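The values are calculated or read from the model by the stated rules, or taken from the named source; none is laboratory data. Keep in mind that what you see is a predicted model, and the values were worked out from it rather than measured. Cβ placement follows ideal geometry from the backbone for every residue including glycine, while neighbour counts extend to all protein chains displayed.
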Amino acid sequence: MSRPISESVSHAASAPVLEVIALDAEDALAACAGGADRLELVTGMAADGLTPSTETFARVRAAVALPVRVMLRGGAGFAAGGDAALEALCGHAQRLLAEGADEFVLGFLDEAGAPDLGAISLLDDVVDGRPWTFHRAVDHTPDREGLRKALAVWADGGDRAGQGGGAGRKRRGPDAFLTAGSPLGVDEGLDVLRSEAARTAAREPGFEPDNIAGGGLRLEHVAELAAAGITAFHIGGAARRSGWSGPVDAGLVRQWREALDA
């Protein structure tokens, strides 16, 4: 059974969760000062977020007490890569665990755009029951509902996709999906986000994990998405005055915190 997002953050359980992308300890401190509930720690935003170094994680962990979800992604795109790339990523994850990482972000698609349960299983074995988010790969599959349901069957011990993903063993599975509702961003995905939030509220199979809205998210989206039942919001560039070339700005994060708490 997936742990609700509210159990892994420090903000009041009744308030929406604000997750901020951090690249380093400076970002982490600013996000914390602005009222973030959780960090997503990445590097390589030119590739939409890759796995950070263990040294960066250690500095962030020493700087703030916020929960930190660490990206597990070795290259651009949503394929896991070959055996060597996946082995290297698993090794990196093990080193992060040794440094104290205890929450993660991951997710891979196969050539058909279905969840790559083989690769996901290998990393799930490494993180060993710790909470993780399935990232925006969900926005790039041709079958969103099928992906969610395949992951639910896999987590329950099945192997619907026939990929050798650990059939017969129950797993925690993702506790959240980071999604814009569309590969083009939240503007184009609002209807999907509203629909999926309703299905999550109804606890439909495959839709039990929480939805984190992110990917082109703007302040004007907040009220509509919150009214639809979205309880977690994810920002990256919106927390920075100079885009990815500049640091997180605590004042911008505070604007989001105030909007979510309104």
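Here are a few things to note about the model shown:
- Pairs where the first residue, in region 46-61, is in contact (Cβ under 8 Å) with a residue 12 or more places away in the chain and the second is in a helix (DSSP H, G or I) and not hydrophobic (A, V, I, L, M, F, W, C), C-beta under 8 Å, 6+ apart: D48/R136; T51/H92; T54/H92; T54/R95
- Annotation for region 242-259: no member residue is without any contact (Cβ under 8 Å) to a residue 40 or more places away in the chain and of a type in the set (A, V, I, L, M).
- Screening A80 with (1) buried (at least 20 other Cβ atoms within 10 Å of the Cβ); (2) out of contact with any helix residue (DSSP H, G or I) (no Cβ under 7 Å at 6 or more places or on another chain) gives one miss only, at (2).
- Scanning region 92-122 for residues that are surrounded by 24 or more Cβ atoms within 10 Å (Cβ to Cβ) and assigned to a strand (DSSP E or B) yields F104, V105, L106, P115.
- S6 at pLDDT below 95 and either in contact with a Pro (Cβ under 7 Å, 6 or more places away or on another chain) or not in a loop (DSSP other than H, G, I, E, B) (or both): yes
- I230 being at negative phi, modelled with pLDDT of 95 or more, assigned to a loop (DSSP other than H, G, I, E, B) and among the aliphatic types (A, V, I, L, M): yes
- The number of residues in region 218-246 that are under 18 Å from V42 (Cα atoms), surrounded by 19 or more Cβ atoms within 10 Å (Cβ to Cβ) and of a type outside the set (K, R) comes to 6.
- Qualifying positions in region 55-70 - farther than 20 Å from H135 by Cβ and not in a loop (DSSP other than H, G, I, E, B): E55, A58, R59, R61, A62, A63
- For region 186-203, the condition holds for at least one residue, the condition being that it is assigned to a loop (DSSP other than H, G, I, E, B) and over 30 Å from D249 (Cβ atoms).
- So R203, is it closer than 30 Å to L122 by Cα, charged (D, E, K, R) and at pLDDT below 95: no
- The single residue among D125, D139 that is part of a helix (DSSP H, G or I) and surrounded by fewer than 17 Cβ atoms within 10 Å (Cβ to Cβ) turns out to be D125.
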